[in-house]
Amino acid sequence: MFSKIFLSAAFSILLVSAGSVRAETTVDLKGTHLCCGACVTAVNKILKGVEGVTNKNDQKTGTISITAKDDATAQKALDALAAGGFHGKTDSKTLTQKDDSGATAGKVKTLTLTAVHNCCGSCNGKINTTIKGVAGVTAHTAKVRAESFEVTSDFDAVELIKALNDAGFHAKVKK
C-alpha cells in the first residue's frame, strides 16, 4: 500500500514538473551574408555573448539557426546579430530583425552608415555591388574593416538600407 502511494505521488510530481518545462525556441535567420570563416566566427562570438542561446551556421545558404531558452532570448540574439552588422529574414511574425537603421524616406545627398559587418574583401565587394545597385548612388567610401562609410549622390536612404538588408547586412545611419 505504501509503495502504491509513493509511486502515485512520484508520478504526479513528474507530470507537474514536465508540464512546467517550457519548450525551446528555434528561429532560422536566412539570407545573412556569411561569405567566409571570419563572418562565421563573428556570428559565433556575437551569439556566445547571449546567455541561453546556441547556434548552427550554414555558410553556403547564409542561414543562422538559433536555439534559445525562450522567445525573448531568441529576440535578444537577433538584436545582437543586427548590432553586429548581420541581417536576415525569419519565417516568424514575432521574431524578426527590426528596422533600427534610422533612415528616413526621401532623397538624400550624403549618408554615413555604421555597424555594417565588413570583415574581408568578399564582404566589401558585396557591399560595393549592393550600394552601386541603388538608383542615384554615384560614390561611396566603403573599405574593408572600416567602421563606417559614406554614400553620396541623390538617392533614397530607405532604399539603400533595404538593399543592404536584402544582401545580408544590417546598417545604421550615423547621426
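The values are calculated or read from the model by the stated rules, or taken from the named source; none is laboratory data. Everything quoted here is computed from the prediction, not taken from an experiment. Note that each Cβ is placed from the backbone with ideal geometry, even for glycine, and that neighbours are counted across all protein chains shown.
Do we have Ala10 as modelled with pLDDT of 95 or more, part of a helix (DSSP H, G or I) and farther than 25 Å from Asp166 by Cβ here? No, not satisfied.
Screening Gln97 with (1) surrounded by 15 or more Cβ atoms within 10 Å (Cβ to Cβ); (2) farther than 23 Å from Leu34 by Cα gives one miss only, at (2).
Given the condition at negative phi, in a helix (DSSP H, G or I) and either of a type outside the set (A, V, I, L, M, F, W, C) or touching a Gly at 6+ places or on another chain (Cβ under 6 Å) (or both), answer yes or no: does some residue in the range 151-160 qualify?
So in the range 151-160, the residues at negative phi come out as 151-152, 154-160.
The next check asks that each one be in a helix (DSSP H, G or I); those that pass are 157-160.
Filter once more, keeping what is either of a type outside the set (A, V, I, L, M, F, W, C) or touching a Gly at 6+ places or on another chain (Cβ under 6 Å) (or both): 159.
So far as the range 151-160 goes, yes, one or more of its residues are at negative phi, in a helix (DSSP H, G or I) and either of a type outside the set (A, V, I, L, M, F, W, C) or touching a Gly at 6+ places or on another chain (Cβ under 6 Å) (or both).
The set of residues from the range 39-70 being surrounded by 14 or more Cβ atoms within 10 Å (Cβ to Cβ), assigned to a strand (DSSP E or B) and out of contact with any Phe, Trp or Tyr (no Cβ under 8 Å at 6 or more places or on another chain) comprises Val53, Thr54, Asn55, Asn57, Asp58, Thr63, Ser65, Ile66, Thr67, Ala68.
From the list Lys126, Lys109, exactly one residue is under 28 Å from Thr41 (Cα atoms) and charged (D, E, K, R). Which is it? Lys126 is the lone residue from the list that is under 28 Å from Thr41 (Cα atoms) and charged (D, E, K, R). Being of a type in the set (Val, Ile, Thr) and more than 16 Å from the chain's Cα centre (by Cα) is not true of Val116. All told, Ala105 falls short of being at pLDDT 95 or above and among the small types (Gly, Ala, Ser).
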